[in-house]
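A short worksheet on the structure shown next.
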Amino acid sequence: MPRTETETDTGTDAETGTGTDADTEADAGTDAEDTLELRLPAGFLASLAGAAPETSLAATDSGTPVPPGDLLDDIGGWGRAATPAGAFHLLPVRIERDLPRITRWMNDPAVAAFWDLAGPETVTAAHLRRQLAGDGRSVPCLGVLEGTPMSYWEIYRADLDPLARSYPARPHDTGIHLLLGTVADRGRGLGSVLLRAVADLVLDRRPACARVVAEPDLRNTPSVAAFLTAGFRFSSEIGLPGKRAALMIRDRSLRDLL
């Protein structure tokens with residue numbers, strides 16, 4: 001799964017990913033780290049196996065142990081969230097329907113500066129297909145507000161991602177990446193509103209998940225502020241490929257306090 005960025009309420013870009021885009025690195029001939037190559041410690045896998053009855057472990061073709069079944073609990077069926085900006089829901093991406101729109105967003109200079117996916121449709125298509133052809137650890141989605149697709153999201157299993165090597169991951173930790181598609185939706189507090197709504201959706205629809213995580217660049221203070229406004233807390237500074245990141249966590253146990 002790629003490491004990507006989020007656009008904040010200030011109109012500047014703030015990241016929720018872990019550094020350089022894996023697809024771009026692979027195309028350039030460098031060694032790119034992908035979620036399918038992740039090897040988790042045996043103790044962690046044992047705790048995962050005991051976390052829920054459906055998490056008996058199987059091996060993928062790459063040899064990575066993963067739980068069988070839907071790793072993200074049917075995002076397409078999560079339903080709508082009521083927000084101050086209107087009804088919002090996540091719609092899993094279909095390339096034949098959504099590729100032109102997402103490609104256009106990726107070619108916005110403010111987005112391209114962090115996502116590294118500017119270029120023709122083939123670039124965005126490769127990025128999306130990498131996730132869609134995987135085992136379901138990362139699901140690309142459109143964010144639809146009041147019937148209008150206006151943002152792009154990646155909901156992913158942080159505990160099964162290379163990110164898990166950089167912090168004390170827990171079974172079913174769920175990560176989010178976000179971009180707002182148009183300039184008109186930036187700089188007016190919408191990013192924080194949607195971050196809170198999606199984090200609440202994750203916690204409501206994924207009962208085994210106790211935490212939602214994100215990893216904006218530590219230098220991007222507007223992004224960190226947006227996550228704090230959305231009910232995330234700053235956990236620690238972590239080193240990730242290409243950046244120092246602020247590990248932001250939304251805890252189920254604290255969701256009504258932050």
Within segment 106-122, of all residues that are in contact (Cβ under 8 Å) with a residue 60 or more places away in the chain and small (G, A, S), the one farthest from M150 (Cα to Cα) is A113
Residue hits (segment 92-105; touching a residue at least 60 places away in the same chain (Cβ under 8 Å) and in contact with a helix residue (DSSP H, G or I) (Cβ under 8 Å, 6 or more places away or on another chain)) are W105
Quiz prompt | Yes/no for A110 being farther than 30 Å from A184 by Cβ and either modelled with pLDDT of 95 or more or hydrophobic (A, V, I, L, M, F, W, C) (or both) | solution = no
The condition of being free of Cβ contacts under 8 Å to residues at least 60 places away in the same chain and under 25 Å from L91 (Cα atoms) holds, among L203, L258, only for L203
Point to revise | Meets criteria (at positive phi, out of contact with any Lys or Arg (no Cβ under 6 Å at 6 or more places or on another chain) and buried (at least 24 other Cβ atoms within 10 Å of the Cβ)) for H172 | key: yes
| said: Taking the criterion of being of a type in the set (S, T, Y), over 25 Å from V193 (Cα atoms) and in a loop (DSSP other than H, G, I, E, B), would at least one residue in segment 124-140 satisfy it? | reply: no
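Condition first: over 22 Å from T83 (Cα atoms) and surrounded by fewer than 18 Cβ atoms within 10 Å (Cβ to Cβ). Can you find one or more residues in segment 146-165 that meet it? Break it down stepwise before answering.
Quick first cut of segment 146-165, residues over 22 Å from T83 (Cα atoms) only: 156-165.
Now drop any that are not surrounded by fewer than 18 Cβ atoms within 10 Å (Cβ to Cβ), which leaves 165.
Yes; the residues of segment 146-165 include at least one that is over 22 Å from T83 (Cα atoms) and surrounded by fewer than 18 Cβ atoms within 10 Å (Cβ to Cβ).
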Over segment 163-209, the set of residues under 13 Å from the mean Cα position of the chain (by Cα) and either closer than 22 Å to R244 by Cα or part of a loop (DSSP other than H, G, I, E, B) (or both) is L163, D173, T174, G175, I176, H177, L178, L179, L195
Exception for L258 within (1) part of a strand (DSSP E or B); (2) in contact with a Gly (Cβ under 8 Å, 6 or more places away or on another chain); (3) surrounded by fewer than 16 Cβ atoms within 10 Å (Cβ to Cβ) falls at (1)
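The values are calculated or read from the model by the stated rules, or taken from the named source; none is laboratory data. Fair warning: this is a prediction, and the values are worked out from it, not measured in the lab. Note: ideal-geometry Cβ built from the backbone for every residue, glycine included; neighbour counts use all protein chains shown.
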